[in-house]
Amino acid sequence: MSLFICPICGGRLERGQKSYACPAGHGYDIASEGYVHLLPANKKHSKLPGDDKNMVRARNRFLSGGYYEPLRRTLAGLAAELTYESSWVLDSGCGEGYYTEGIYDALKIAGKTARIAGIDISKEAVRLASKRLKDAEFAVASAYRLPLADSSTDIVLNCFSPLCDSEFRRVLKSGGFFIYVVPAPRHLWELKRTVYDKPYENGRAAAEYEGFELIKTITVEDRICLPDRQAISNLFTMTPYFWKTPKEGAARLEALETLETEISFDIYVYKKWHKAEN
């Protein structure tokens, strides 16, 4: 039985060799890489929603270089700490699967038999995630309409992705955990000093969400050195600054041979109240 449900009728999907199917007879083909498309056509706001191939592939190259390993290691440790011997984990906005893979590896080392699923609205991201991690289920889907049953999941991870707390609350079991990752105030500070005349720090505010209690806050900080123009370009292309930077700032960054910059992330761990009802 799959972790996913049918986006049309809500029935539990059964995964076959070449497709998923629900008891009502709705079917969804499995792509050659192993993922499934569960985003209804009437819920797509463009032909290819989400991050485009250029951005996704740049992120894949950058993350594969290990530059954000401190964050991945911390998330993996949290997952190992918060899961039971057998748990269901959802990576909502999984991108190309870098953090999903880290969590899977940590739980396997801990001897836990977790079942892991990842969703992203970007088809290219999900395609790469499926190639990266074969022992998980991946689907093209929206965080605002998750293809998972009510109260079915023990952990939801949301890392730099659109947040829909009502959907996270719906799919989490009572007492389950929501792990939310955002850039800390001085994340990529030196990159921002290069591209902007007046760089600004990111805001910091631990939001409250109905039905959730904030139980832990962790800040991960480090410095990274990008050794060449390709690595710098990969980082820049995968960030929102790629679309917001003036031409003069982009030219200054392009002229750099190397870049050393601060990285910093805030991780908020929320617990779904036992008394919360969906």
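Exactly one condition in (1) in contact with a helix residue (DSSP H, G or I) (Cβ under 7 Å, 6 or more places away or on another chain); (2) modelled with pLDDT under 95 is not met by Ser152; state its number.
(2)
Look through Gly102, Gly77, Gly118 and report the one residue that is within 14 Å of the chain's Cα centre (by Cα), at pLDDT 95 or above and not in a strand (DSSP E or B).
Gly102
Name every residue in the range 228-274 that is assigned to a loop (DSSP other than H, G, I, E, B) and surrounded by 13 or more Cβ atoms within 10 Å (Cβ to Cβ), in order of residue number. Before you say what the answer is, go through the steps one by one.
Step one: filter the range 228-274 for residues assigned to a loop (DSSP other than H, G, I, E, B), giving 228, 239-240, 245-246, 255-258, 273-274.
If the condition is that a residue be assigned to a loop (DSSP other than H, G, I, E, B) and surrounded by 13 or more Cβ atoms within 10 Å (Cβ to Cβ), then Thr239, Thr245, Leu256, Trp273 are the ones that fit.
Given the conditions (1) in a helix (DSSP H, G or I); (2) farther than 30 Å from Thr261 by Cα, report the number of the one that Asp29 does not fulfil.
Exception for Asp29: condition (1).
Quick test for you: out of Val182, Val195, pick the one residue that is touching a residue at least 12 places away in the same chain (Cβ under 8 Å) and touching a Gly at 6+ places or on another chain (Cβ under 7 Å).
Val195
Going through the range 144-185 one residue at a time, which ones are of a type in the set (Ser, Thr, Tyr), under 12 Å from Asp91 (Cβ atoms) and in a strand (DSSP E or B)?
Hit for the range 144-185 is Thr153, nothing else.
Among the residues of the range 58-75, is there at least one that is more than 23 Å from Ile218 (Cβ to Cβ) and among the hydrophobic types (A, V, I, L, M, F, W, C)?
yes
Residues Tyr20, Tyr67: which one is aromatic (Phe, Trp, Tyr) and either over 19 Å from Leu146 (Cβ atoms) or surrounded by fewer than 20 Cβ atoms within 10 Å (Cβ to Cβ) (or both)? Let's see the steps before the verdict.
Values: Tyr20 fails: either over 19 Å from Leu146 (Cβ atoms) or surrounded by fewer than 20 Cβ atoms within 10 Å (Cβ to Cβ) (or both).
Exactly one of Tyr20, Tyr67 is aromatic (Phe, Trp, Tyr) and either over 19 Å from Leu146 (Cβ atoms) or surrounded by fewer than 20 Cβ atoms within 10 Å (Cβ to Cβ) (or both), namely Tyr67.
In the range 89-117, which residue that is of a type in the set (A, V, I, L, M) and touching a strand residue (DSSP E or B) at 6+ places or on another chain (Cβ under 9 Å) is nearest to Leu163 (Cα to Cα)? Show your work before the answer.
Just the residues of the range 89-117 that are of a type in the set (A, V, I, L, M), to begin with: 89-90, 103, 106-107, 109-110, 114, 116-117.
Of the ones still in play, those that are also touching a strand residue (DSSP E or B) at 6+ places or on another chain (Cβ under 9 Å) are 89-90, 103, 107, 114, 116-117.
Numbers: Val89: 16, Leu90: 13, Ile103: 20, Leu107: 25, Ala114: 23, Ile116: 19, Ala117: 17 Å.
Filtering first and then ranking leaves Leu90.
Within the range 57-74, track down each residue that is touching a helix residue (DSSP H, G or I) at 6+ places or on another chain (Cβ under 8 Å) and assigned to a helix (DSSP H, G or I). Step through it out loud before you land on a result.
Taking the range 57-74 and keeping what is touching a helix residue (DSSP H, G or I) at 6+ places or on another chain (Cβ under 8 Å), we get 57-65, 67-68, 71-73.
Correct list: Arg57, Ala58, Arg59, Asn60, Arg61, Phe62, Leu63, Ser64, Leu71, Arg72, Arg73.
With the checklist (1) modelled with pLDDT of 95 or more; (2) part of a loop (DSSP other than H, G, I, E, B); (3) surrounded by fewer than 19 Cβ atoms within 10 Å (Cβ to Cβ) in hand, flag the one item Cys225 doesn't pass.
(2) is the only condition that Cys225 fails.
Given the condition among the polar types (S, T, N, Q), within 19 Å of Gly66 (Cβ to Cβ) and surrounded by 22 or more Cβ atoms within 10 Å (Cβ to Cβ), answer yes or no: does some residue in the range 93-108 qualify?
Yes.
State whether one or more residues within the range 68-84 are in contact with a strand residue (DSSP E or B) (Cβ under 9 Å, 6 or more places away or on another chain), under 25 Å from Ile263 (Cβ atoms) and among the acidic types (Asp, Glu).
For the range 68-84, residues in contact with a strand residue (DSSP E or B) (Cβ under 9 Å, 6 or more places away or on another chain), under 25 Å from Ile263 (Cβ atoms) and among the acidic types (Asp, Glu): present.
The values are calculated or read from the model by the stated rules, or taken from the named source; none is laboratory data. None of the values given here were measured: they were computed from a predicted structure. No Cβ is skipped: glycine too gets one built from the backbone with ideal geometry, and neighbour counts run over all protein chains shown.
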